[in-house]
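I have placed the structure first, in the form of structure tokens, so that the comments after it can refer back to it.
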Amino acid sequence: MDKRFFNLFNLTEDQAIALLKTPAEQLDSPTDRYVAASHLIKYPTERSINALIEAVQNRSTELYERITGRKALESLGRLQAAKALPLIRACLGDEDCYTVENAVWAIGEIGTEDTDILAEIAQLLDKKGQSYRIIIQTLAKLNYQPAVSRINKFVAVDDESIVSAAISAICRLTGDYSQIQGVVSFLQHESVNARRACIQDLIDAQYYDAIPQIARCPVSLVFRLRGIRLLADSGIATGKISSAFVEPYLEQVIRDHPNDLDLVHEYDQKPSLDFVISELYHTDFGRCYLGSKTLLELYPEEAPEALFKTWEQEAHNDYGAHYHVVKLLGWLKHAPAYDLLVEALQNTMPQFQKSRAGAAIALGNIGDERAIPLLKESANSQIVDLQYASSLALKQLGVSC
């Protein structure tokens, strides 16, 4: 688990527990108890677990209290607090669907072979207004085969993320993978949520043959890298695939050029330079990659100036656009961008971590040998994608690691 974000609030265990026990009217902010419940996943102790259990037992109807209870359920799941299982099970009947969702998820994290609990979770699929995707995923994770008939009815619903989870779950529970291409096809869906969701479902189904398609899926490389790594870890450990099979796709994703993606969007006419620059800020990275590809193909001369301008105005503080500007300046081989790229390479703020690997690749692309010692340093990083990207950049500069 990536723990780089855990310390943002700098709470000790005692402080977090004290916040959870503080009456709402005495809090500085109504969200303080939620923060405390979230923060206690750092502390896998009996004291933390008991404090979280107490937070779940608070059945107040006040909004922030309910939100805190939901987060406490999630934290109990992350802590795999088996002693809380009876209490978590009791939440399966809650009138709040989000509380039910977190309870189901927590049970999946803790694990159980109690068929009564599993049957109760399966019955939620017959109840309106539930988070069916989480329920289906949990039933598959806990290998509850009697749920197949209930899950099967979700293969034809209107929500792509639920359809994807249902197909994946049926494959896992029955061993029949004849419908798995239905999940793979969502890698090219117009909806970014469908694309992201199906990567998780392919991981869950341990469908190793999807690695090449995942590498080409137009979502953030964070989702693609995670999918490929988890499938690789499982497949290599079981002898189903080899590291030699996986390596080219990992490198392809780390380099992350839009020409190596199967884009799902297109423009019906030539877009203006300003419009294409604005696409780099889109929450759907599929549109960002289309914008990047268009800049490289249609505006290679004008792009550097426009990229520096948008960097100064906003991209320097927008983690998505930050990444795309960094990569583009490298592909354009724009030598004056050296200082900007070095700054990005050395930026340790959590939200800009993928830009560090992007900057390493970009420095390799512009070919400035001043970057060699910096890249050697980052090649020793504990962050795997930064390490990998720096090694690739050094090879591009003619230096062996």
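The values are calculated or read from the model by the stated rules, or taken from the named source; none is laboratory data. Treat the numbers as computed from the prediction; the structure is a model and nothing was measured. Here Cβ is always computed from backbone atoms with ideal geometry, including for glycine, and neighbour counts include all displayed protein chains.
Some points to look at:
- Selection count, the range 323-349, where residues are assigned to a helix (DSSP H, G or I), of a type outside the set (Asp, Glu) and under 22 Å from ARG370 (Cβ atoms): 16
- The C-beta contact set for the range 48-63 (first residue at negative phi, second residue surrounded by fewer than 17 Cβ atoms within 10 Å (Cβ to Cβ) and β-branched (Val, Ile, Thr), distance under 8 angstrom, 6+ apart or interchain) is empty.
- Entirely in the range 257-322, the helices (runs of 4 or more DSSP H) that have 3 or more residues that are in contact with a Ser or Thr (Cβ under 9 Å, 6 or more places away or on another chain) and buried (at least 20 other Cβ atoms within 10 Å of the Cβ): 273-279, 285-298
- Only one entry of SER149, SER131, SER164 meets the criterion of being among the small types (Gly, Ala, Ser) and surrounded by 23 or more Cβ atoms within 10 Å (Cβ to Cβ), and that entry is SER164.
- Residue pairs whose Cβ atoms lie under 7 Å apart, sitting 6 or more positions apart in sequence or on different chains, and linking a residue in the range 9-31 that is of a type in the set (Val, Ile, Thr) to a partner that is modelled with pLDDT of 85 or more and part of a helix (DSSP H, G or I), are ILE17/ARG47; ILE17/SER48; ILE17/ALA51; THR31/TYR64.
- Annotation: of all residues in the range 56-89 being among the polar types (S, T, N, Q) and closer than 15 Å to GLY108 by Cα, the one that is surrounded by the fewest Cβ atoms within 10 Å (Cβ to Cβ) is GLN80.
- Condition check for TYR319: out of contact with any Cys (no Cβ under 9 Å at 6 or more places or on another chain), at pLDDT below 95 and aromatic (Phe, Trp, Tyr): yes
- Single residue of LYS127, LYS141 found to be basic (Lys, Arg), at pLDDT 95 or above and under 23 Å from ILE67 (Cα atoms): LYS127
- Residue in the range 238-247 that is over 22 Å from LYS327 (Cα atoms), aliphatic (A, V, I, L, M), in a helix (DSSP H, G or I) and outside the structural domain of GLU312 (by TED's automatic domain parsing) present: yes
- Taking the range 350-383 as the range and being of a type in the set (Val, Ile, Thr) and assigned to a helix (DSSP H, G or I) as the test, the residues that pass are ILE361, ILE366, ILE372.
- Elements of type helices (runs of 4 or more DSSP H) contained in the range 160-233, each with 2 or more residues being out of contact with any strand residue (DSSP E or B) (no Cβ under 9 Å at 6 or more places or on another chain), under 12 Å from VAL253 (Cβ atoms) and not hydroxyl-bearing (Ser, Thr, Tyr): 211-215
- Residue selection: ARG195 satisfies the criterion of being touching a His at 6+ places or on another chain (Cβ under 7 Å), closer than 30 Å to PRO300 by Cα and modelled with pLDDT of 95 or more.
- LEU386 in contact (Cβ under 8 Å) with a residue 24 or more places away in the chain, touching a Leu at 6+ places or on another chain (Cβ under 6 Å) and in a helix (DSSP H, G or I): no
- Answer residue from the range 356-394, given it is among the charged types (D, E, K, R) and buried (at least 21 other Cβ atoms within 10 Å of the Cβ) and is farthest from LEU221 (Cα to Cα) among those: ARG356
- Some residue of the range 264-282 being within 24 Å of LEU340 (Cβ to Cβ) and among the charged types (D, E, K, R): yes
- LEU394 satisfies every condition listed in (1) under 23 Å from ARG226 (Cα atoms); (2) assigned to a helix (DSSP H, G or I); (3) not small (Gly, Ala, Ser) except (1).
- Of all residues in the range 131-166, those being acidic (Asp, Glu) and in contact (Cβ under 8 Å) with a residue 60 or more places away in the chain number 0.
- Whenever a residue of the range 264-275 is modelled with pLDDT of 95 or more, its partners that are hydroxyl-bearing (Ser, Thr, Tyr) and in a loop (DSSP other than H, G, I, E, B), lying with C-beta atoms within less than 7 angstrom and at least six residues away or across chains, give the pairs LEU273/TYR299.
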